Amino acid sequence: MAYSDKVVDHYNNPRNVGTLDKSSEDVGTGLVGAPECGDVMRLQIKVNPETQVIEDAKFKTFGCGSAIASSSLATEWVKGKTIDEALAISNTDIVKELALPPVKIHCSVLAEDVIRAAIGDWKKKNGVETEAAAPAAAAH
Amino acid sequence: MSTVAATVAAPKGVKLPIYMDNHATTPLDPRVLEAMMPYFTTVFGNAASRNHSFGWEAEQAVENAREQVAKLIGASAKEIIFTSGATESNNLAIKGIAEMYRERGNHIITQVTEHKATLDTCKKLEKQGYRVTYLPVKADGLIDIEDLKRAIDDKTILVSIMYANNEIGVIQPIEEIGKLCHEKGVLFHSDGVQAVGKIPVNVIKDNIDVLSLSGHKIYGPKGVGALYVRRRNPRVQISEQINGGGHERGMRSGTLNVPGIVGLGKACEIAGQEMEEESKRLTSLRDHLKQKLESALDYVHVNGNMEHHLPGNLNMSFVYVEGESLLMGINEIAVSSGSACTSATLEPSYVLKALGLGDDVAHSSIRFGLGRFNTIEEVDYVADKLIDVVQKLRELSPLYEMVKEGIDLSKIEWAAH
């Protein structure tokens, strides 16, 4: 399979790889996917409680090149956005940006899910009103 | 930030890309090509032309090749039928026997880790009223002979068990299976594609009645294969699947692919002469690769029984790293993965699943197929490169981090998608 240059670039130089302190109040953690399905994404966001701006984002992904690229791109896109702005990111934006082929669309769906899961976790921690966030995997 | 690809440079003398997928196909040996060349141009006759020298020369070349193929597997030349490849050979063997022995019974026994050429053929026969038993394999990939014993009943006409597996390289207890089949009066077909030319195969000693083999897996050309059909003790009859002209004693009509057949014959001859030395060399390369990977990386898992194993095969899972992303990082090395993402069906390898491996381990597997033209320098480079990429992808893997923290991944309720 031929990968787009952008997928290859994210794969070779993944942005914002790492781990934030999941016990911290201002960190939201999302973990989606399953090892059996061949992809698991974890996204962590550090949110400013005053402004609700995502000040930092880190990811780790087990999955194919497109899954790695989708989550790497997600960290770039959420950084500097408010949580409401971040929630507006859709999987179709990711598909477009990375030129993902149809068989890899599920990678972009997963990336959208993980953004929602991380934000949902942060909202829960901080008692912020939640509307229909994707369920975070029961990670700990 | 770390860069996943391209930090281990190829040493001098190693030319990229490296081909290490010799179970899929092999390059043509230059000696085979040389033997084939005249039969494309000057000696172009139809082997079935009986009334002129062009035909006689072609026929002579075909008969010579028939001897060469027969010699490699301990058969006689009259027992060799040329086909277009092993998929055709498997189809001809299984359908041909099923049809011919329909009066005697309708039960066929095979196993779950066969090649699709066998499994799909059996599935088709099931639709036509045949009963097929798919034997399971043990965790090491071998069948349990007791399972086979229990499966044979008075309606069983055929047992089809491959000699060596194309993914995990395990060699089945063929001699024992053949002996049991003969005791029970059941025909025994074996798909010998990965074994013939790589390890000693002898249809008499192994009690094989029908054996499939292919040219392009043994440094011969694509588009040519053969089927051994036993003529004595017992005499096996096969109902032809292609009609028109009665070539190959009526079992396989169609003008013979003379250059291909010459190539197959030559490839068999070379394999017979060089097998002993070549298998020693490939086993040592394989063990070197395995040892290097195992000593540098944790959570690696070797798939399949390593004692009864093809010389050039190594199937390893690099747990917590997904196979396709691994292949992407070693894009100048041609190997295969059991990962779903590399297959058209999005299902991980059914062979690895049959061993009882979880989908997650199957997704992480790489099949190395070492062959005649691989060198120790290439093996070293492949190992170094792979170690580098696995380590980098594990830095990226949330699973690896969790396991390192002592979290039991099986206890997590993963959100399915």
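The values are calculated or read from the model by the stated rules, or taken from the named source; none is laboratory data. Note that the structure is a prediction, hence the values are computed from the model and not measured. For neighbour counting, all protein chains shown are included, and Cβ atoms are generated from backbone atoms with ideal geometry for every residue, glycine included. Note: accessible area is taken over every heavy atom of the protein model, side chains too, but ligands, DNA and RNA are not part of it. Shrake-Rupley method; radii C 1.70, N 1.55, O 1.52, S 1.80 Å.
Tabulated values for the structure
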quantity	calculated
Within the accessible area of chain B (1.4 Å probe), percent carbon and sulfur	51
Within a Gaussian network of chain B (alpha carbon springs, distance under 10 Å), most fluctuating of B:I143, B:I80, B:I18	B:I18
Lys pairs, the range A:1-102 - Cα-Cα below 23 angstrom, 8 or more residues apart or on other chains	22
Size of electric dipole in the protein assembly as shown: Cβ of Lys, Arg +1 and of Asp, Glu -1, about Cα centre, debye, nearest 20	1740
For the protein assembly as shown, Kirkwood radius (reciprocal of mean inverse C-alpha pair distance, Å)	25.9
Pairs of lysines in the range B:150-225 (C-alpha under 25 Å apart; 8 or more residues apart or interchain)	8
Principal axis dimensions, the range A:31-98 - Cα atoms, whole angstrom, descending	39, 23, 14
Estimated [θ] at 222 nm from DSSP helical runs (n ≥ 4, -39500 (n - 2.57)) normalised by residues in the protein assembly as shown, nearest 500	-12000 deg cm²/dmol
Cross-link reach list, lysines versus B:K15, counting only Cα pairs under 20 Å and skipping chain neighbours closer than eight places	B:K385
Rg to Rh quotient for the range A:5-125, alpha carbon positions, Kirkwood Rh	0.95
Relative counts (whole %) of C-alpha pair distances in chain B, using bins that are 20 Å wide	26, 52, 21, 1
Global geometry of the range B:116-248, whether rounded, prolate or oblate, following the gyration tensor of its Cα atoms and the 1.5 cut on a/c	rounded
Once the Cα gyration tensor of the range B:261-412 is diagonalised, semi-axes √(5λ) in Å	31, 17, 14
Average beta-carbon neighbours from other chains, 10 Å sphere, peptide B:398-407	4
Protection-proxy order for peptides B:117-128, B:243-254, B:358-369, each taking the mean of Cβ atoms within 10 Å per residue, highest first	B:358-369, B:117-128, B:243-254
